[in-house]
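The values are calculated or read from the model by the stated rules, or taken from the named source; none is laboratory data. On a predicted model such as this, the values are computed, not experimentally measured, just so you know. Cβ: placed from backbone, ideal geometry, glycine included. Neighbour counts: every protein chain shown. Surface areas here come from the heavy atoms of the whole protein model, side chains and all, with no ligands, DNA or RNA. Shrake-Rupley method; radii C 1.70, N 1.55, O 1.52, S 1.80 Å.
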Amino acid sequence: MTPRRPLRLVLLLALVLPAMPAAAIAQQAEPTDQARAEARSLADKGQALFDAGRHEEALAAFREAAALVHAVPLLRMIARSCERLGRLLEARSFYQRVVDEPLAADAPRVFRQDQADARVELAALAPRIPALEVVVRGAAPGAVVLTLDGERIGQGTPVERDPGSYTLVAVAPRRNPITKTIRLNEGTRELVTLDLPPPTAAPRPESTSASPGNDIRTAVLLGGGAAAGAGVIAGVAFTLVANGKASDARRQWAVIDAMDGGAVNCSRPAPGSQRQQCEELSSLVDDKYLFSNIAMWSFIGGGVAVLGTLGYSWVATPPSTAEKHVRVVPLVTPGGGGLAAGGVF
């Protein structure tokens with residue numbers, strides 16, 4: 001393996017890629033000379049940052065280079081950067097991509113060497129990825145909901161995660177939830193056993209059954225609350241997606257702004273790389289506005305559901321016990337007649 005080779009990356013991108021067949025670059029379009037030049041610059045920058053221990057910045061540089069030019073060495077450096085950052089699952093994914101990369105019979109020797117190195121690194125990485133297995137006692141397996149940092153996991157099934165701390169929660173009907181912090185270290189296989197507390201007492205049934213009107217009112221309140229909650233959750237989710245698209249658009253604009261010394265005009269882009277990059281920027285901007293509008297209407301829908309539910313609750317408030325016992329009787333007197341009402345008002 002060759003942990004340090006910035007010159008090799010430069011020569012590879014400058015000399016090898018222009019002559020590579022289409023099959024060796026995963027059926028992607030042939031990169032332009034400008035794209036190759038930018039990729040070489042980003043690869044050099046990423047290698048310098050990697051050697052300096054600034055792996056997060058190195059990862060960003062290698063990702064940008066790989067977006068411009070598909071090359072096995074760049075994918076391998078992305079994997080190595082992820083590995084240094086403790087993102088072992090992502091590193092494994094990129095190592096696997098390098099190993100699985102179909103290379104043509106006349107592929108450069110350096111590509112085959114990178115693929116062989118990635119195969120060795122992948123084998124060394126696999127046993128370092130920690131795994132967690134959870135067993136719950138005191139309830140049927142199907143009655144327990146297990147989540148790890150909010151993501152549902154199965155009982156008795158090992159799950160792999162990056163090293164770090166996680167929150168494990170077990171929830172079962174009529175049981176108090178169990179919450180436990182789990183620390184996963186490299187190369188460990190953790191087995192966690194949870195003992196659920198005894199079931200809580202079932203609520204005592206009401207002495208009188210609820211009237212149909214109360215059932216309808218309860219159903220409307222629950223439905224309205226659920227609709228309001230769904231609207232707010234959807235609004236938050238689409239807002240996050242819109243913010244992500246906006247962030248991607250800013251990064252894409254930075255890439256475009258760096259092309260040709262900032263002389264790119266996306267209203268009239270030149271054919272080739274300029275047009276492709278500008279079309280990608282336009283797509284990201286359109287997506288950002290689309291998801292922003294969806295988020296706005298989700299919030300509006302949630303607000304309408306809240307107002308409608310509150311209004312119905314006020315109008316459909318059931319009468320009190322006293323009001324149910326009001327009596328109205330006819331009244332006849334020597335001077336006339338009428339109605340007499342008795343009860344509590």
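Using 0.36 nm per residue and subtracting the Cα-Cα separation, the extra length available between Arg137 and Arg119 on full extension is 2.4 nm. A simple spin-label model places the labels of Glu30 and Trp314 7.2 nm from each other, with each point 7 Å out along Cα-to-Cβ. Within the same chain, aspartates and glutamates fewer than 8 places from Lys288 are excluded, and of the rest, those with a Cα less than 12 Å from its Cα are Asp248. Once backbone amide H atoms are built at 1.01 Å from N, Ile129 has Gly187 as its partners under 5 Å, excluding neighbours fewer than 5 places away on the same chain.
Model label sites at Glu280 and Thr188, defined 7 Å from Cα along the beta-carbon direction, differ in position by 4.0 nm.
For the stretch 57-126, which whole percent of the accessible surface, found with a 1.4 angstrom probe, sits on carbon and sulfur atoms?
Working: 1420 of 2690 Å².
Reported share for carbon and sulfur atoms: 53 percent.
Protection proxy ranking for 90-102, 242-254, 185-197, using the average of other Cβ atoms within 10 Å per residue and placing the highest first: 90-102, 242-254, 185-197. Stretched out straight at 0.36 nm per residue, the stretch from Ala219 to Arg250 would grow longer than its current Cα-Cα span by 6.6 nm.
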